[in-house]
Amino acid sequence: MMQRQEEAQEEDLFDRFKEILTINPALIGSLTSIAFIIICWVIRDSLKVKDVCEKHVFITGCDTGFGNLLAQRLYRKGFIVIAACLTEKGSQELKACTSSSLRTVILNVTNPRSIDNAVAYVATETGNKGGLFGLVNNAGRAIPIGPTDWMDIEDFHRVLDVNLIGLIEVTLKFLPLIKKARGRIVNVASVMGRLAFGGGGYCLSKCGVESFSDSLRRDMQYFGVKVSIIEPGFFKTGVTSLEIIEKDLNRLWNRLTPEVKHLYGEKYFEKYLKVQRLSMNTFCDSDISKVTNCMEHALTARYPRTRYGAGWDAKFFWLPLSYAPAILADVMLKLILPRPLGYKRVLSKNQVDV
Ligand SMILES: NC(=O)c1ccc[n+]([C@@H]2O[C@H](COP(=O)([O-])OP(=O)(O)OC[C@H]3O[C@@H](n4cnc5c(N)ncnc54)[C@H](OP(=O)(O)O)[C@@H]3O)[C@@H](O)[C@H]2O)c1
Ligand SMILES: *[C@@H]1O[C@H](CO)[C@@H](O)[C@H](O)[C@H]1NC(C)=O
């Protein structure tokens, strides 16, 4: 009895659905078009370039983190990888866990001579083999990071010089070799380049990378050069290492004037560290292959995407929030980030003055 009733209900629903479709051809049309567009996009997105074995890829910042994993994975895929490391130690360790035939160079992106040497090396390596197919600008640093009024201009320089000016100089100097190959440039930005929080040069530098990459993509399209931007969320690597961030925060806190310390409240620093630990441990993903998969797609897909959001937090929290009205982002960030404890004292003092 029950089953019959259910069947009748199901049939009823089905009939109504059919009815809606027959009286509403526009709805059918739109649904079919959407499905068709999605299928075409998925197929287009999955097409690959041919002959990776003859292609050279140059990656910066390969000592650790994303660059290190990407170098190993592209090498195993058959690319001719030239992994640039900041230190000799990083280079030796990478070779030890990949292969001694992996090519490495020492590159400090803030040093013009060092960049020139790397370009000369890659020019000889690629010789008359058609230029450089891929440049991955991955090298970067995050510290000093903390409240804006704890910083001096040197603190800003230290990050901007690596993440933005260094990236621009490397790109400009490699461009002739990339144009020759009608190759690709993959720039590592961050969700913090889309939504700025946490003072210091980091957000500025990543916002600059976004902007530089947009202009570059538009200027280089005529030469067959493709530019992609990677926007990772939070991942467990050197740049998010709490030990390093906290050590530098200590330096910033200890050099503050008593006035500024008073504004924040003596307990603020401890609370700041606690809240930061909690949010970093919540947000940081240890599966960094989510990022290198995006980089690999940008290098191997026939039609690389312009932007790649990497990680769940980027896709479903930071990037959507970056499109939201500033007031909403302000409220959300206020809930997440630590706040000064002495600010109430300042407010009441000002009120008395009035
Ligand atoms: N991890 C995240 O949550 C996250 C999120 C968004 C974006 N990113 C970006 O992803 C990129 C890679 O970082 P990662 O997370 O893989 O951290 P990482 O392990 O610290 O890697 C950064 C690499 O860049 C190198 N580097 C630092 N200064 C350099 C310089 N002046 N010249 C050349 N190389 C230099 C570092 O060398 P040393 O180790 O020797 O200092 C390190 O090998 C960075 O641009 C970072 O901003 C990271
Ligand atoms: C990178 O180069 C800059 C500027 O020349 C220098 O101050 C810095 O110490 C160098 N970093 C390393 C690790 O060699």
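The values are calculated or read from the model by the stated rules, or taken from the named source; none is laboratory data. The structure presented is a predicted model; accordingly, all values stated were derived computationally and were not measured. So basically every Cβ, Gly included, is an ideal-geometry build from the backbone, and we count neighbours across all protein chains shown. All accessible areas refer to the heavy atoms of the entire protein, side chains included, with ligands and DNA or RNA removed. Shrake-Rupley method; radii C 1.70, N 1.55, O 1.52, S 1.80 Å.
For this structure, a couple of remarks:
- Taking the criterion of being within 22 Å of Leu86 (Cα to Cα) and of a type in the set (Ser, Thr, Tyr), the residues of segment 199-239 that qualify are Tyr202, Ser205, Thr237.
- Hey, Ile178 more than 15 Å from ligand 1 (Cβ to nearest atom), more than 26 Å from Leu333 (Cβ to Cβ), open to solvent by less than 10 Å² (accessible area, probe 1.4 Å) and without any contact (Cβ under 8 Å) to a residue 60 or more places away in the chain or not: yes
- Restricting segment 201-224 to residues that are of a type in the set (A, V, I, L, M) and under 18 Å from Lys173 (Cβ atoms), the residue that is nearest to ligand 1 (Cβ to nearest atom): Val209
- Checking the stated criteria, Tyr202 turns out to be among the hydroxyl-bearing types (Ser, Thr, Tyr), part of a helix (DSSP H, G or I), more than 24 Å from Leu132 (Cβ to Cβ) and away from ligand 2 (no atom under 16 Å from the Cβ).
- Criterion applied to Arg4, Arg16 was being surrounded by fewer than 10 Cβ atoms within 10 Å (Cβ to Cβ), of a type outside the set (Gly, Ala, Ser) and at negative phi, and the one residue passing it is Arg4.
- Filter result (surrounded by 17 or more Cβ atoms within 10 Å (Cβ to Cβ), over 19 Å from Val291 (Cβ atoms) and small (Gly, Ala, Ser)) within segment 200-220: Gly200, Gly201, Gly208
- For segment 181-194, the set of residues classified as crowded, with 23+ Cβ neighbours inside 10 Å, among the hydrophobic types (A, V, I, L, M, F, W, C) and assigned to a helix (DSSP H, G or I) consists of Val191, Met192, listed by residue number.
- Residue in segment 299-322 that is within 20 Å of Lys206 (Cβ to Cβ) and free of Cβ contacts under 8 Å to residues at least 60 places away in the same chain present: yes
- Among (1) in a helix (DSSP H, G or I); (2) under 23 Å from Phe133 (Cα atoms), the one test that Asp12 misses: (2)
- Answer residue from segment 47-83, given it is hydroxyl-bearing (Ser, Thr, Tyr) and surrounded by fewer than 24 Cβ atoms within 10 Å (Cβ to Cβ) and is nearest to ligand 1 (Cβ to nearest atom) among those: Thr64
- Single residue of Phe223, Phe197, Phe234 found to be surrounded by 19 or more Cβ atoms within 10 Å (Cβ to Cβ) and not β-branched (Val, Ile, Thr): Phe234
- The lone exception for Glu154 - which of (1) open to solvent by less than 40 Å² (accessible area, probe 1.4 Å); (2) over 17 Å from the mean Cα position of the chain (by Cα); (3) within 16 Å of ligand 2 (Cβ to nearest atom) it fails: (1)
- Residue in segment 114-122 that is within 24 Å of Leu160 (Cβ to Cβ), polar (S, T, N, Q) and open to solvent by 40 Å² or more (accessible area, probe 1.4 Å) present: yes
- Those helices (runs of 4 or more DSSP H) lying entirely in segment 254-354 with at least 1 residues among the aromatic types (Phe, Trp, Tyr), closer than 30 Å to Val227 by Cα and at pLDDT below 95: 268-283
- Residue match in segment 125-137 (condition: modelled with pLDDT under 95, open to solvent by 60 Å² or more (accessible area, probe 1.4 Å) and either away from ligand 1 (no atom under 15 Å from the Cβ) or over 22 Å from the mean Cα position of the chain (by Cα) (or both)): yes
- Within segment 58-79, residues that are free of Cβ contacts under 8 Å to residues at least 24 places away in the same chain reach no partner that is part of a helix (DSSP H, G or I) with beta carbons closer than 6 Å at six or more positions or on different chains.
- Total residues in segment 229-250, condition within 16 Å of ligand 2 (Cβ to nearest atom) and touching a helix residue (DSSP H, G or I) at 6+ places or on another chain (Cβ under 6 Å): 1
- Selection status of Val49, touching a helix residue (DSSP H, G or I) at 6+ places or on another chain (Cβ under 7 Å) and within 30 Å of Arg182 (Cα to Cα): yes
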